[in-house]
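First the structure, in the form of structure tokens, and then the observations on it.
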Amino acid sequence: MDWWIWLIVAIVVILVVLAAVAAARKSSERRTEHARERATSVRDESREHQVEAQRTQASAAAAQAEAAEAKLEAERLERHAGELGTEASRSDEEALERAREADRIDPDVRTDDDPSPGDGEVGRDRDVDLDRRRDADFDDDRSDRPR
């Protein structure tokens, strides 16, 4: 074989090797570009998730603030209810004491130390007005009779 045939074979081999290297490089560049695009997409999704997570955290913080506010309001109302209960008890005691005083003053009410069977209060189980009406009816019956 002549030298020029070897030259052509060498040139063809070099061209084939260069074409293979170029194809490999182009394929590598396509893979790299695809990886960049995918990384950009993943970063975008990550930012979206971060924003959503921040919104969720803000909602949770707002809910906690509302719960704390409701708890404070409930505690305030509970204190107020306790104050009203104390005031009601005090008023009830005052009313009972005034009723006892009225019973002590009223000559028609027996105020012995025995508890009354009706309501547990001393001398309060009798209906004094009913007794007075009965006495008045009895007195009226007597006045109708001739003497």
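Okay, here's what the table says:
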read-out: Options Arg43, Arg31, Arg47: the member that is part of a helix (DSSP H, G or I) and modelled with pLDDT under 95; value: Arg31
read-out: Residue in region 11-21 that is under 60 Å from the mean Cα position of the chain (by Cα) and free of Cβ contacts under 8 Å to residues at least 40 places away in the same chain present; value: no
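The values are calculated or read from the model by the stated rules, or taken from the named source; none is laboratory data. As the structure is a prediction and not an experimental result, all values here were calculated from the model. Glycine gets a Cβ as well: all are built from the backbone with ideal geometry, and neighbour counts include every protein chain shown.
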